[in-house]
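Undergrad: I am attaching a structure below and will ask some questions about it afterwards.
The values are calculated or read from the model by the stated rules, or taken from the named source; none is laboratory data. The structure displayed is predicted, hence computed values, not measured ones. Note that we place each Cβ from the backbone using ideal geometry, even for glycine, and neighbour counts take in every protein chain shown. For the accessible areas, the whole protein counts, side chains as well, though only heavy atoms, and no ligand, DNA or RNA atoms are used. Shrake-Rupley method; radii C 1.70, N 1.55, O 1.52, S 1.80 Å.
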Amino acid sequence: MREILGRRRKYLFRRTGKSALIGAALHCATEWQWPVVPGVRLRSGERVPGTRSGRGDRAAPRCSCPDAGCVVPGAHPFEPGLLAATTDARMVRWWWTNRPDAPVILATGGRAPCAVSLPATAGARALAALDHFGVRLGPVIATPTRVALLVSPYDLAELGELLYSRDEVPSSLRFHGDGGYLVLPPSQTGAGPVRWERAPAATSEAPWLPDVTTVVDALVTASTHTPDGSRLAY
């Protein structure tokens, strides 16, 4: 029976569609004890003047939050806010039953993973460098525009000391620590689908995570030496 349940969790975690969102949210919250909260909804883009066929093109999806110029549509919490993030299965199930297409938002820090993210081109270069030197990595998340490496929890004092010794830290690097958040697969955001670049094993044991000190040098170097690697991109 345990083996059957394990296969079922693995299936829920890897398949796509709305049912996968509640499966992923429940798996992260109950199996890994990662606090999650539903992200804000996306609104379909409106038709814009376009093609010779007269059919027009559809604009990019817009965020349903009050900010008309939201630069991260569908990629942030709104109602409920981030402080509501929980590992309670009943709450998670209720949220995604009522909002089956809601992105899965991880509240980073505390006992949950932290992360460092950077533009996609720089991220690919950093992963190649880390692989070349045999650095063990944890789960890695990718969108069409960014890559995020999950790392073990760190606090602001530790991060500040780590970055102080570096001559330059590109502004495109984002540090998702205590009080921060990250969108988890298989969510859909305005920037496109969120997927695992390096997938964790779909088991009841929380994924192993590297220390931020083992990866930050490669991320800084890749962002500094990659075209547009220092550009703030969502």
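Undergrad: Taking the range 86-124 only, how many residues are open to solvent by 30 Å² or more (accessible area, probe 1.4 Å), assigned to a loop (DSSP other than H, G, I, E, B) and at pLDDT 95 or above?
TA: Looking only at that region, the number is 2.
Undergrad: So, one more: Just wondering, is there one or more residues in the range 149-160 that are within 18 Å of C28 (Cα to Cα) and of a type in the set (S, T, N, Q)?
TA: yes
Undergrad: Does L127 count as in a helix (DSSP H, G or I), crowded, with 18+ Cβ neighbours inside 10 Å and modelled with pLDDT of 95 or more?
TA: So L127 fits the description; yes.
Undergrad: While we're on this one: With L159, L219, L232 as the choices, which residue is modelled with pLDDT of 85 or more and either farther than 23 Å from W96 by Cα or not in a loop (DSSP other than H, G, I, E, B) (or both)?
TA: L219
Undergrad: Within the range 168-214, which residues are crowded, with 20+ Cβ neighbours inside 10 Å and among the β-branched types (V, I, T)?
TA: V183, T189, V194, V212
Undergrad: Follow-up. Among the numbered conditions (1) under 19 Å from V72 (Cα atoms); (2) at pLDDT 95 or above, tell me where G138 comes up short.
TA: Failing condition for G138: (1).
Undergrad: List the residue pairs whose Cβ atoms are under 9 Å apart, where the first residue sits in the range 79-95 and is under 21 Å from S19 (Cα atoms), the second is open to solvent by 40 Å² or more (accessible area, probe 1.4 Å) and polar (S, T, N, Q), and the two are 6 or more positions apart or on different chains.
TA: T87/T30; T87/Q33; D88/T30; A89/T30; V92/T30
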